[in-house]
Amino acid sequence: GKRAFIAGVADDHGYGWAISKALAAAGAEILVGTWVPALNIFESSLRRGKFDETRKLPDGSLMEITKVYPLDAVFDSPEDVPEDIKTNKRYLGSSNWTVKEVVESVKQDFGSIDILVHSLANGPEVTKPLLETSRYGYLAAISASSYSYVSLLKHFAPIMNPGGASLSLTYIASERIIPGYGGGMSSAKAALESDTRVLAFEAGRKHNIRVNTISAGPLRSRAAKAIGF
Ligand code: NAD
């Protein structure tokens, strides 16, 4: 069977959860990367059976998540983590959550993966029109929503089996004006789409893996609710 790592699963409402279920139903082993500040509540909800209804697969069995890795995809390695995050009480309880460390842990635990899914985005100023967006907000949106994919693929590619596949989720606001999708998130999705083409070219040749992005329709996930969609 195939082994998949899905980055960006912290509840049962988003695309990451639905994609995990589809992959599990197709026989894949499921590993997820969960944003560090959301880790405790996600793991305790899983343990307490809060997701048992939505964990049901078409054959009646429950999706098994083999391992949940804490992840913050805006940091590539421990040297990049600023003091205020290091000492933040939501981060203190977890370790090895930078991209490089997560990939090292997955390599130690399982050796390789076949499928990488990037289902994460963040834009601290998403509710502001682009015209009102600060440089900080714009760069933070790109860091969390676009470069996070470059980084995940760059680090995972060497442990992806040839013929493997990588997928991210984009949004039509990259091509057309969607008022309310601000803070540089439209820019971040445009970058993600362009990067998908370049990464497909590069990773295809170097690692024999496919790189794709799906422009998903609107879904009332936690992230979408936060911007009133
Ligand atoms: P979601 O809230 O379920 O998923 C986003 C996840 O990203 C959350 O689990 C959050 O904890 C995680 N995250 C945020 N910052 C992170 C970081 N620095 N490191 C690691 N994880 C981090 O919402 P969703 O809408 O399912 O989003 C998944 C993907 O789908 C995103 O790329 C989003 O832009 C895209 N998308 C969503 C819609 C929609 O309408 N919901 C439409 C098109 C595309």
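The values are calculated or read from the model by the stated rules, or taken from the named source; none is laboratory data. Computed from a predicted structure; not experimentally measured. Cβ placement follows ideal geometry from the backbone for every residue including glycine, while neighbour counts extend to all protein chains displayed.
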### Single residue of Val99, Val103 found to be within 12 Å of the ligand (Cβ to nearest atom) and not charged (D, E, K, R)
Val99
### Query
Any idea which of Ile115, Ile214 is surrounded by 21 or more Cβ atoms within 10 Å (Cβ to Cβ), among the hydrophobic types (A, V, I, L, M, F, W, C), touching a strand residue (DSSP E or B) at 6+ places or on another chain (Cβ under 7 Å) and part of a strand (DSSP E or B)?
Ile115
## Note on the structure
Taking region 68-77 and keeping only residues that are within 14 Å of the ligand (Cβ to nearest atom), part of a loop (DSSP other than H, G, I, E, B) and either aliphatic (A, V, I, L, M) or surrounded by fewer than 18 Cβ atoms within 10 Å (Cβ to Cβ) (or both), one is left with Ala73, Val74
#### Entry: Selected residue [buried (at least 20 other Cβ atoms within 10 Å of the Cβ) and under 17 Å from Phe5 (Cβ atoms)] from Ser151, Ser174
Ser151
### Query
Here are some residues: Asp84, Asp52. Which one is over 15 Å from the mean Cα position of the chain (by Cα), part of a loop (DSSP other than H, G, I, E, B) and surrounded by fewer than 20 Cβ atoms within 10 Å (Cβ to Cβ)?
Asp52
#### Entry: Residue satisfying all of: in region 187-211; closer than 22 Å to Thr133 by Cβ and surrounded by fewer than 22 Cβ atoms within 10 Å (Cβ to Cβ); farthest from the ligand (Cβ to nearest atom) among these
Ser194
## Note on the structure
Filtering region 127-160 down to residues that are basic (Lys, Arg) and within 16 Å of the ligand (Cβ to nearest atom) yields Lys154
### Query
List pairs: first in region 150-172 and farther than 24 Å from Ala224 by Cα and in contact (Cβ under 8 Å) with a residue 40 or more places away in the chain, second hydroxyl-bearing (Ser, Thr, Tyr) and within 14 Å of the ligand (Cβ to nearest atom), Cβ under 7 Å, 6+ apart or cross-chain?
Leu153/Ser166
### Query
From the residues in region 107-126 that are aliphatic (A, V, I, L, M) and more than 15 Å from the ligand (Cβ to nearest atom), which one is farthest from Ala190 (Cα to Cα)?
Ile113
### Query
When region 10-44 is examined, which residues are found to be in contact with a helix residue (DSSP H, G or I) (Cβ under 6 Å, 6 or more places away or on another chain), under 24 Å from Phe229 (Cα atoms) and part of a helix (DSSP H, G or I)?
Pro37
### Query
When only residues in region 34-67 that are within 16 Å of Gly93 (Cα to Cα) and in contact (Cβ under 8 Å) with a residue 40 or more places away in the chain count, which is farthest from the ligand (Cβ to nearest atom)?
Asn40
### Task
Could you check, for region 175-190, whether at least one of its residues is within 18 Å of Ser143 (Cβ to Cβ), acidic (Asp, Glu) and modelled with pLDDT of 95 or more?
no
### Message
I'd like to verify a number: residues in region 1-33 that are among the aromatic types (Phe, Trp, Tyr) and either more than 8 Å from the ligand (Cβ to nearest atom) or farther than 21 Å from Leu153 by Cα (or both), how many?
### Response
1
#### Entry: Members of region 217-228 found to be assigned to a loop (DSSP other than H, G, I, E, B), loosely packed, with under 15 Cβ neighbours inside 10 Å and within 8 Å of the ligand (Cβ to nearest atom), listed by number
Gly217, Pro218, Leu219, Arg220
